[in-house]
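Notes follow once the structure below has been shown.
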Amino acid sequence: MANKRDYYDVLGVDQNASAAHIKKAFRKLAMQSHPDRNKDHGAEERFKEVNEAYEVLSDPEKRAAYDRFGHAGPQGFGGRGFEGFGFGGFGDIFEAFFGGTRTARRAGPQRGDDLHYSLTISFEDSVFGCEKEVEIVRTEVCSVCHGTRSEPGSQPERCSVCNGTGQVRQAQRSIFGQFINVTTCSQCRGEGGIITNPCPDCKGQGKERKAHKVAIKVPAGVDDSIQIRLSGEGDVGRNGGSPGNLYVTLSVRKHKFFKRDGDHILYELPINFAQAALGAEVEIPTLDDGFTLKIPAGCQNGMIFRLKEKGVPHLRGHGRGDQLVRVHVVTPQSLDDKQKKLFKELTKSLGETTLPHEDKSLFDKIKDTFGGGA
Ligand SMILES: [Zn+2]
Ligand SMILES: [Zn+2]
């Protein structure tokens, strides 16, 4: 078993080679080294070597065992005999004695990084939804070398340390025979090849930073700080890994009149003493259009009117919140002579004192308003 050549090297194929590829390589080499056709010194040895390699690599089970344990795998233990020890198979025995498999793999697929974007939208856009196109800079596969990292037309050179397999096998003796310790090749970092002519565009990185336009659909009813995920719009993955996601965090601008409370819209309405006392019809803005609010005579400061279904559409499900209109009775700060005279007359008429009134809860102040739209 000592100094045995790697079976993949014997057949001159990659470790990921398909069964058909292995068969093809075997046929070619077997023909070249067949003792009937080749009388060269060593041809017979070579023929045997090729046959042995093919015997293992053409059998999926033996090949898997070889991939895991090297030459000790398919024949070193003889499989059945080992199971007689009461272990489940190669894997168990290996792990039992060595505390884990020592198989190294080529650098595996790695998911691309997630990207984050901050999008500021208007209050109206948050309420009714919108579609925005944003430009992000992300890592994509290099468009010149298509990720091969080599200058187009050139090939990576086969790594001389691992012979292109990406793995280095070292024999290790034990009471059960020889184990093969497999480690990732440090020369080529498991890639099997060394780039000698790096792609001039990406400097051999295989990827490039690129501006990319992404359409973002903002659903109706979103609120500040909500995050939207765009699957697969992040950085490209490595070694065939899937791309990352793009996370868009929304920031909603303040509105001139409206404040938001969940799915309800708050609107503060200033009215004067006369309107409060006598009642009035006041035009107020809503999210959709306008609304004529009928204020009853004797309206108190802080009274709240509810305009049903004039609020924000529910993000999940149907329907909308309400618009709440809170009345502020504004005390005039500058009066002309005529107005002063009128207030004095009013004072005389109403008397100097007022009775203390019951303190009503906020809930009692809400008046439901139906219809009467502008
Ligand atoms: Zn490139
Ligand atoms: Zn190597």
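The values are calculated or read from the model by the stated rules, or taken from the named source; none is laboratory data. What you are looking at is a predicted structure, and each value in this text was computed from that prediction instead of being measured. Cβ: placed from backbone, ideal geometry, glycine included. Neighbour counts: every protein chain shown. These area figures cover heavy atoms from the full protein model, side chains too; ligands, DNA and RNA do not enter into them. Shrake-Rupley method; radii C 1.70, N 1.55, O 1.52, S 1.80 Å.
Across the stretch 31-57, what is the number of residues that are open to solvent by 60 Å² or more (accessible area, probe 1.4 Å) and under 47 Å from the mean Cα position of the chain (by Cα)?
Here the count works out to 1.
Mind listing whichever residues of the stretch 126-147 are open to solvent by less than 80 Å² (accessible area, probe 1.4 Å) and either over 15 Å from Val248 (Cα atoms) or within 12 Å of ligand 1 (Cβ to nearest atom) (or both)?
Hits for the stretch 126-147 are Val127, Thr139, Glu140, Val141, Cys142, Ser143, Val144, Cys145, Gly147.
Scan the stretch 136-155 and report the pairs whose first residue is touching a residue at least 12 places away in the same chain (Cβ under 8 Å) and whose second residue is within 16 Å of ligand 2 (Cβ to nearest atom) and open to solvent by 80 Å² or more (accessible area, probe 1.4 Å), with Cβ atoms within less than 9 Å and a gap of 6+ or a chain change.
Going by the 9 Å Cβ cut-off, the qualifying pairs are Thr148/Gln155.
Considering every residue within the stretch 233-252, establish whether at least one is open to solvent by 40 Å² or more (accessible area, probe 1.4 Å), among the charged types (D, E, K, R) and under 30 Å from Cys142 (Cβ atoms).
Yes: the stretch 233-252 contains one or more residues that are open to solvent by 40 Å² or more (accessible area, probe 1.4 Å), among the charged types (D, E, K, R) and under 30 Å from Cys142 (Cβ atoms).
Hey, can you tell me all the residues within the stretch 1-30 that are closer than 18 Å to Arg68 by Cα, open to solvent by 70 Å² or more (accessible area, probe 1.4 Å) and part of a helix (DSSP H, G or I)?
Ala19
Has the stretch 276-292 got at least one residue that is β-branched (Val, Ile, Thr), in a strand (DSSP E or B) and exposed (fewer than 14 other Cβ atoms within 10 Å of the Cβ)? Walk me through it before giving the result.
We begin by selecting, within the stretch 276-292, every residue β-branched (Val, Ile, Thr); these are 282, 284, 286, 292.
Now drop any that are not in a strand (DSSP E or B), which leaves 282, 284, 292.
Narrowing the set further to residues that are exposed (fewer than 14 other Cβ atoms within 10 Å of the Cβ) leaves 292.
Yes, the stretch 276-292 contains a residue that is β-branched (Val, Ile, Thr), in a strand (DSSP E or B) and exposed (fewer than 14 other Cβ atoms within 10 Å of the Cβ).
Among the residues of the stretch 196-218, count how many are open to solvent by 60 Å² or more (accessible area, probe 1.4 Å) and either in the same structural domain as Leu315 (by TED's automatic domain parsing) or part of a loop (DSSP other than H, G, I, E, B) (or both).
Residues in the stretch 196-218 being open to solvent by 60 Å² or more (accessible area, probe 1.4 Å) and either in the same structural domain as Leu315 (by TED's automatic domain parsing) or part of a loop (DSSP other than H, G, I, E, B) (or both): 6 in total.
Of everything in the stretch 195-236, what is within 16 Å of ligand 1 (Cβ to nearest atom) and of a type in the set (Val, Ile, Thr)? Give them in sequence order. Break it down into steps so the answer makes sense when it comes.
Kept after step one, since they are within 16 Å of ligand 1 (Cβ to nearest atom), are these residues of the stretch 195-236: 195-210, 235-236.
Scanning the stretch 195-236 gives Ile195, Thr196, Val236.
For the stretch 150-195, name all the residues that are modelled with pLDDT of 90 or more, part of a loop (DSSP other than H, G, I, E, B) and away from ligand 2 (no atom under 15 Å from the Cβ).
Glu151, Pro152, Gly153, Ser154
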